[in-house]
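Visitor: Take a look at the following structure, please.
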Amino acid sequence: MKLKRFLLRYYPPGIILEYEKGGCLRTKSIDLLDLTPETSPDELLAEIQQSEPLITESRADQVKQLIVRLQQKQGQQDHHRFCFFKELKAHILPLTNVAFDKSGSRFITGSYDRTCRVWDTASGSELHTLEGHRNVVYAIAFNNPYGDKIATGSFDKTAKLWCAETGKCFHTFRGHTAEIVCLAFNPQSTLVATGSMDASAKLWDVETGDEVATLTGHTAEVLSLCFNTVGSQLVTGSFDHTVSIWDVASGRRVHTLIGHSGEISNVHFNWDCSLIVTGSMDKTCKLWEALVATASADGTARVFSVNTHQCLATLEGHDGEISKVSPIMASLLLPVKSDLMSPRESHINNLFQ
C-alpha cells in the first residue's frame, strides 16, 4: 500500500487517507469523533500511528498539522451571512429533488420533466442532461465521497446509474412494480439501494447492474432509506408506520422498530451508527439506541451499551454454547413535536393519498 494524499473532513472531524493498493486508488477514513480543542495533538497522533500503518514517521508532522487545523476549525466562531447567490431556470416542469457532490462543486436536480440535470455550482452552467426515464425523476444521489456516479429513481418504476463526468447511462435497474421514491449508494459505492411504492427495497450491484437482493417485509410504501457508515446495515422507513433494519450481506431483516403512529417520512443513522433517528407524519421524531448482545461458550449472554461499552446485563441459564448474537434497537425518547408537516412530507402525502 502506498499513501498518496490526505483529505480533511471538518464535520464530523476526520482525516481521509487516499492510497494505492494493487494498482487501484482507495480511501480510508480516520474518524476523530471525540476531538476537542483541548485534545493533545501529540497523544492523538501516537494513537493514530499505533492503529494505522499508513501513517509512518515521515508523515507524522503532516497528520499533526491536520489535527491542529481541525481543532482550530472547532474553535472558530461562525458569523457567516447568507445571501441569494443564483437562480437557475432550465427544467420546464417543477423540481422534485436536489443533491450536491461531496465537494459542493456540482449539484444535480430531478424534475417532473423526466430528466436529471448536472450543474456547475460556481458558474451555474449546465454540465449534462440525463435523459432516458419515461416518467418523473424523483430520487437522485451522487456516490459520495467519490462523486463519479449518479443514481436516479423514477415513477417509471426503474432506477438508472450514470457517469457523472460524461452523462453516459451505465445501467437501468428493472424489478420494482411501482414508483421508486428513494435511493442511496452504500459508502463503498458498490451497491445502490432503492425504495419503492411497491412496499419493497432492492439492492443493486453498481459494477454489473444486477439485482443483489429484494428486501420484503413492509406492508406499505417504502419512503426513506439510509445505509450506516460502514455499509453493513440498511434502515428503511415505511408508510406502514414501522422502520426496518436490514443486514446488507444476507438481505435479512434483523429488527423492526415499532412506536410511531403515522407514516415514516425519513430515517437516518448517526455517524458512529449507535443511533437511528426517525421522522413521522404523526408529528414526532424518535431516537433509537442500538444495544449489542454478545454470547459466549460459557453459556451466558451479555448486553452492552454501544456508547459506554458497559455491560448492562448478564443473561445466564443456558445449558450449552450460544451461537447467535444480535443488535437490539430500543426507543429512547420523542424529543421533537411539530404541528407543521415538512414540504417533502406534504408533497409525498399529496401525491399518494
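The values are calculated or read from the model by the stated rules, or taken from the named source; none is laboratory data. Keep in mind that this is a model prediction, so the values were computed, not measured. With ideal geometry, Cβ positions are generated from the backbone for all residues, glycine too; neighbour counts draw on all protein chains shown. We work out accessible area using only protein heavy atoms, side chains counted, and drop any ligands, DNA or RNA first. Shrake-Rupley method; radii C 1.70, N 1.55, O 1.52, S 1.80 Å.
Visitor: Sort out which residues of region 5-58 are closer than 17 Å to Arg69 by Cβ and of a type in the set (Phe, Trp, Tyr), and write them in order of number.
Guide: The answer is Phe6, Tyr10, Tyr11.
Visitor: Sticking with this one: If a residue has to be of a type in the set (Gly, Ala, Ser) and out of contact with any Ser or Thr (no Cβ under 8 Å at 6 or more places or on another chain) to count, how many in region 2-22 make the cut?
Guide: 1
Visitor: Determine the pairs where a residue that is on the phi > 0 side of the Ramachandran plot, located within region 185-199, has a partner that is among the basic types (Lys, Arg) and at pLDDT 95 or above with Cβ atoms under 8 Å apart, the partner being 6 or more residues away or on another chain.
Guide: Going by the 8 Å Cβ cut-off, the qualifying pairs are Ser189/Lys149.
Visitor: So in region 202-217, with the set limited to residues that are outside any strand (DSSP E or B) and open to solvent by 20 Å² or more (accessible area, probe 1.4 Å), which one is nearest to Phe173 (Cα to Cα)?
Guide: Asp210
Visitor: Looking at region 218-250, which of the residues that are of a type in the set (Val, Ile, Thr) and either surrounded by fewer than 17 Cβ atoms within 10 Å (Cβ to Cβ) or in a loop (DSSP other than H, G, I, E, B) (or both) is nearest to the chain's Cα centre (by Cα)?
Guide: Selected residue: Thr229.
Visitor: While we're here: Consider Val254 against the criteria (1) touching a strand residue (DSSP E or B) at 6+ places or on another chain (Cβ under 6 Å); (2) open to solvent by 10 Å² or more (accessible area, probe 1.4 Å); (3) more than 21 Å from Ala139 (Cα to Cα); (4) part of a loop (DSSP other than H, G, I, E, B): it satisfies all of them except one. Which criterion is unmet?
Guide: (4)
Visitor: A further question follows. Name every residue in region 93-150 that is over 24 Å from Val222 (Cα atoms), open to solvent by less than 20 Å² (accessible area, probe 1.4 Å) and among the hydrophobic types (A, V, I, L, M, F, W, C), in order of residue number.
Guide: Val118, Trp119, Leu130
Visitor: I'd like to know if region 59-81 contains one or more residues that are in contact with a Lys or Arg (Cβ under 8 Å, 6 or more places away or on another chain), open to solvent by less than 50 Å² (accessible area, probe 1.4 Å) and either farther than 24 Å from Thr229 by Cα or β-branched (Val, Ile, Thr) (or both).
Guide: no
Visitor: With region 155-197 as the region, which strands (runs of 3 or more DSSP E) entirely inside it contain at least 3 residues that are over 20 Å from the mean Cα position of the chain (by Cα), of a type outside the set (Val, Ile, Thr) and modelled with pLDDT of 95 or more?
Guide: It comes to 169-174.
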